[in-house]
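Remarks on the structure that follows.
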Amino acid sequence: MLQDLLSIHKPNFKDYTELRAQVNTSQQVTLLTGNMTANNQSATGGVAARVYKGGTFGFASAAAYNADSVANVVKAATDNAVFMDTHVKKGLEPLPSYPGNRVDLQTPHFGAVDQLLLIDAAKQLDELVQKQCPNLSSRTIVSNVLNMEKLLVVSDGADMRFFQPRAMMYLIMTAETKDGDQVELFKALGGFGRFDEQFGDVSKYLDEVNALYEHLMAKREGIFADPGMKKCVLHPDLAGMLAHEAIGHTVEADLVLGGSVAGPNLNKQVASEIVNMTDFAHTAFGETCPLPVYVDDEGVTAEDAVLIENGILKGYMHNRDSARQFGVKPQGNARAFAFNDEPLIRMRNTVILPGKDKLEDMIASVDDGYYLIKTGNGQADATGEFMFGVDLSYEIKGGKIGKAIRETTISGVAFDMLKTVDMISDDMVWEVSGFCGKKQPMTCSMGGPALRCDMTIGGR
């Protein structure tokens, strides 16, 4: 656990100052068709300071974490702030005050698990896949751990101790079609917590392994989609990804200030009235979120950010500076991935809220369309336009699931697509396996229910 070498400096802060020590510990083991191709373990850490003066920030960091390096980093960040203020001359008032109490560990701290646990779990899952899935051309198993530990002291905010563990196993199955092409499917297992707790017995994932294999075998015999605008049911996994990429990023206030489509649409209808979307801080639906944030890296106590309410765009995600510009209160969305990263406006646990419909009724209501389940890649921009590859989907004919579809694409404009949503399932699925890329990577979670909407589908 990080020793507190920071608090002693707080009485000497003159301007707004953040002082953060951080260590990210990562572990990974990869098996390719039973052969180990990666076995890595690393820890990256240090200390950083950021000082605000007159409308600009001065930042400094150091990989060493001792009394001298902390003092030097504070001095360097202060000097940088003075330099920037002297030359930029914005002349702005100090940032608004958001005082808070110290928030100690909400998740018990623990060290790195034995690397042999990752190796053993990978071998066990590989043996399970080999036994249950005979018609694969290759299989990949990845054991992965990322633990983030932070200690933060802020001149005007909530000091914190923070520990966020994430333990995952990734499963990739590949099979060959009759015409010699390769088809592939991916599944992420695990989430928040210790690796040994998640994967002490990998046999509990037997049903998920079998389901993925069945989907792959169906995809191997699949057909190509009929292109055009279609009535579709989006599985929660894909709906969550769209919510994050095509909607969530457009309502990050720094991107709004940069000209995103959300700017002129505040307090306007951007979705059908049954659509609600929230970026949760740490608790949702009475349970702890997959990646809880209690205090952000600017010392702001985290609260839920309501983004869309009954189809109306209600707000953005902010840091202290953007909140000042918009005249609102920040809710804890400033996050930094590594010790030498400055905090950026980032999503935390971003979801479309469940509705009242049953998934089976949604599928039964579609005469000729598609059930879209998983996306493997894609892109979206500040206009809300998106294009995603769909790795797993099925046709819907006469209200029933039909043949599997080979890879296809979906595209559109997020707010236009949301206005066509007319059914939302009453269940909730979280996805916590990936990283969000925005100048620096960041762990986040996303998800929601299934959606019925109109979507443009690509063909062969």
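The values are calculated or read from the model by the stated rules, or taken from the named source; none is laboratory data. These numbers were taken from a predicted model, which means no experiment stands behind them. Neighbour counts run over all protein chains shown; Cβ positions are idealised from the backbone, glycine included. These area figures cover heavy atoms from the full protein model, side chains too; ligands, DNA and RNA do not enter into them. Shrake-Rupley method; radii C 1.70, N 1.55, O 1.52, S 1.80 Å.
Are there trypsin sites (Lys or Arg not before Pro) in the stretch 30-112 that DSSP puts in a loop and that have at most 16 other Cβ atoms within 10 Å, and which ones?
Numbers: sites: Arg50, Lys53, Lys75, Lys89, Lys90, Arg102; in loops: Lys89, Lys90, Arg102.
The qualifying sites are Lys89, Lys90, Arg102.
Summing Lys, Arg as +1 and Asp, Glu as -1, what charge do residues with Cβ under 14 Å from the Cβ of Ile312 carry, Ile312 excluded?
On the way: positive: Lys268, Lys314, Lys419; negative: Glu273, Glu309.
Net charge in that neighbourhood comes out at +1.
Once you have a ≥ b ≥ c as the square roots of the Cα gyration tensor eigenvalues for the stretch 47-126, tell me rounded if a/c is under 1.5, and otherwise prolate or oblate according to whether a/b is larger than b/c. Before the final figure, lay out the partial values.
Details: a/c = 2.91, a/b = 2.37, b/c = 1.23.
It comes out prolate by the Cα gyration axes.
Out of the total accessible area of the chain (probe 1.4 Å, heavy atoms of protein only), what percent is carbon and sulfur?
Using a 1.4 Å probe with all protein chains present, the chain comes out at 49 percent carbon and sulfur.
Sum up the charges of everything whose Cβ sits under 12 Å from the Cβ of Leu171, counting Lys and Arg as +1 and Asp and Glu as -1, but leave Leu171 out.
Values: positive: Arg139, Lys187; negative: Asp126, Glu184, Glu208.
My count for the surroundings of Leu171 gives -1.
State, as an integer percentage, the relative contact order of the stretch 308-408 based on alpha-carbon contacts under 8 Å between residues 6 or more apart. Don't jump to the answer; show the numbers that get you there.
Details: 136 pairs, mean separation 17.2, N = 101.
Relative contact order comes out at 17 percent.
When you count, for each residue, the other Cβ atoms within 10 Å and take the mean per peptide, how do 282-289, 189-196 rank with the highest first? The partial results should precede the final answer.
Working: 282-289: 14.0, 189-196: 18.1.
Top to bottom by mean Cβ count within 10 Å: 189-196, 282-289.
Using the heavy atoms of the protein chains and a 1.4 angstrom probe, tell me the accessible area per residue for the stretch 117-274 in square angstrom.
Numbers: 5980 Å² over 158 residues.
I get 38 Å² per residue for this part.
Mind putting together the pair-distance distribution for the stretch 1-89? All Cα pairs, 5 Å bins, whole percent per bin, short to long.
P(r) over the stretch 1-89, rounded to whole percents: 3, 14, 20, 16, 12, 9, 7, 6, 5, 4, 3, 1, 0.
What are the residues whose amide H is under 5 Å from the amide H of His282, where those residues sit 5 or more places off or on another chain and H is modelled from the backbone?
Those lying under 5 Å, H to H, from His282 are Val293.
Give the label of the value calculated from the structure for Cα Rg over 2.2 N^0.38 Å, choosing from (1) 0.94; (2) 1.24; (3) 1.04.
Only one option fits the structure, namely (3).
Over all alpha-carbon pairs of the stretch 312-460, lay out the pair-distance distribution in 5 Å bins, whole %, shortest bin first.
Taking all Cα pairs of the stretch 312-460, the binned fractions are 2, 8, 13, 18, 20, 15, 10, 7, 4, 2, 0, 0 percent.
Can you count the Lys pairs in the stretch 171-259 with C-alpha separation below 24 Å, eight or more apart or on different chains?
On the way: Lys178/Lys187; Lys178/Lys219; Lys187/Lys204; Lys187/Lys219; Lys219/Lys230; Lys219/Lys231.
Close lysine pairs under the 24 Å cut-off: 6.
Ordered by packing density, taken as the mean number of other Cβ atoms within 10 Å over each peptide's residues, highest first, how do 66-73, 158-165, 127-134 rank? Spell out each step's value before the answer.
Details: 66-73: 16.2, 158-165: 21.0, 127-134: 14.8.
Descending mean neighbour count gives 158-165, 66-73, 127-134.
If we count every other residue with Cβ under 13 angstrom of Asp159's Cβ, Lys/Arg +1 and Asp/Glu -1, where does the sum land?
That sum, taken over residues with Cβ under 13 Å, equals -2.
For the chain, what is the charge dipole size about the Cα centre, in debye to the nearest 20, if Lys and Arg each add +1 at the Cβ and Asp and Glu each add -1 at the Cβ?
On the way: 43 positive and 59 negative charges, 138 e Å.
Approximately 660 debye in magnitude.
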